[in-house]
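The values are calculated or read from the model by the stated rules, or taken from the named source; none is laboratory data. Being a predicted model, the structure only gives us computed values, none of them experimental. Cβ placement follows ideal geometry from the backbone for every residue including glycine, while neighbour counts extend to all protein chains displayed. Each accessible area value is taken on the protein alone, full model and side chains, heavy atoms only, with ligands, DNA and RNA left out. Shrake-Rupley method; radii C 1.70, N 1.55, O 1.52, S 1.80 Å.
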Amino acid sequence: MYFIANWKMFGGLSTLNSLKKVIKFLKIFKKSKKIKIIYCPPSTLICPMSKKVINSKIQVGAQNCHESFTYGASTGSINPTMLKNVGAKYVILGHSENRDSGETDKLINAKIRAATQAGLKVIFCIGETLGQKRKKITKKILSKQINFGLQKIKKRKNIVIAYEPVWSIGTGLIPKADDLFNTINFIKKKVINIKVLYGGSVNPKNINELKLIKNIDGFLIGGASQDPKKFIDIIKKTYN
Ligand code: PGA
């Protein structure tokens, strides 16, 4: 199981102290060997965080990257090679917050290719909006995001998909268990041998319901991941 923390645009150097609790917990947690813990802080914290988590279970990831893996004249951008250089092993791509600010499937595809070429593993986010869900076109939307996003990418072993319905991100709402099971099943049938995580308002309360959904390979956790106690609680409860 994957437990991925997405800190979004939160956190400064002092926030890194909160990792101590999580590192300590992971040392004594019996199921530690079975899980992957990935923290995706803002880019400013990737380097210091990577230093803090040396010799621990925690791996570090970025939240986005440029679509070229080589250096170049692109003011304000960070390419995947640079992220890898400062300790990132993963990168989140296709997050709905970035799709919202204009990222197209084509651009996301270019980013996924650049990231894998640079040697990063990719957490590829897909998900439908509330309007699309109401129109009952969720599968059509997910198919489009997958078909374009993974176009011409043959080697997919370094990619995991995070299914994040846009209407569930930061709202406290989660899909009905049956719907979620079916959607994940649909994604797994479409992309053979891929791990599929769920993301959207995962918290210590609803994890008891979410963990019962058999085909979920892990969780992408936003808000609740900023509080080490909540993050630890989510991991513990998944195995209780
Ligand atoms: P949330 O965010 O857990 O705060 O809903 C999830 C995400 O955006 O990845």
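The table that follows gives values for the structure above.
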quantity: Carbon and sulfur %, accessible surface of the chain computed with the full protein complex present, 1.4 Å; calculated: 54 percent
quantity: Three principal axis lengths of the chain [C-alpha, angstrom, descending]; calculated: 49, 45, 29
quantity: Cα-based equivalent ellipsoid, segment 45-173: semi-axes from gyration tensor eigenvalues, Å; calculated: 27, 17, 14
quantity: Members of K84/K152; K214/K237; K157/K195; K214/K236 lying beyond 19 Å, as alpha-carbon distances in this model show; calculated: K84/K152
quantity: Rh (Kirkwood; distinct C-alpha pairs) - segment 1-96, Å; calculated: 14.1 Å
quantity: Max mean-square fluctuation residue, GNM over the chain, Cα-Cα springs under 10 Å, options S32, S74, S143; calculated: S74
quantity: Chain lengthening between E209 and N85 when straightened (0.36 nm per residue, less Cα-Cα); calculated: 40.8 nm
quantity: Ranking by accessible area, most exposed first, for R134, R113 with a 1.4 Å probe; calculated: R134, R113
quantity: Taking the C-alpha atoms of segment 134-189, convex hull volume expressed per residue in Å³; calculated: 102 Å³
quantity: About the Cα centre, charge dipole magnitude for the chain (Lys/Arg +1, Asp/Glu -1 at Cβ), debye; calculated: 1020 debye
quantity: Fraction of antiparallel bridges per DSSP, segment 2-239 only, in percent to nearest 5; calculated: 0 percent
quantity: Label zone at K27 (point 7 Å along Cα-to-Cβ), backbone N below 17 Å, segment 52-69; calculated: 52-59
quantity: Accessible area of the chain divided out per residue, in Å², using a probe of 1.4 angstrom; calculated: 51 Å²
quantity: Gaussian network model of the chain, Cα within-10 Å springs - most flexible of P165, P41, P228; calculated: P228
quantity: Net charge of Cβ neighbours under 9 Å - reference G61; Lys, Arg +1; Asp, Glu -1; calculated: +2
quantity: Residue with peak Gaussian network fluctuation, the chain [Cα springs, cutoff 10 Å], from L83, L150, L13; calculated: L13
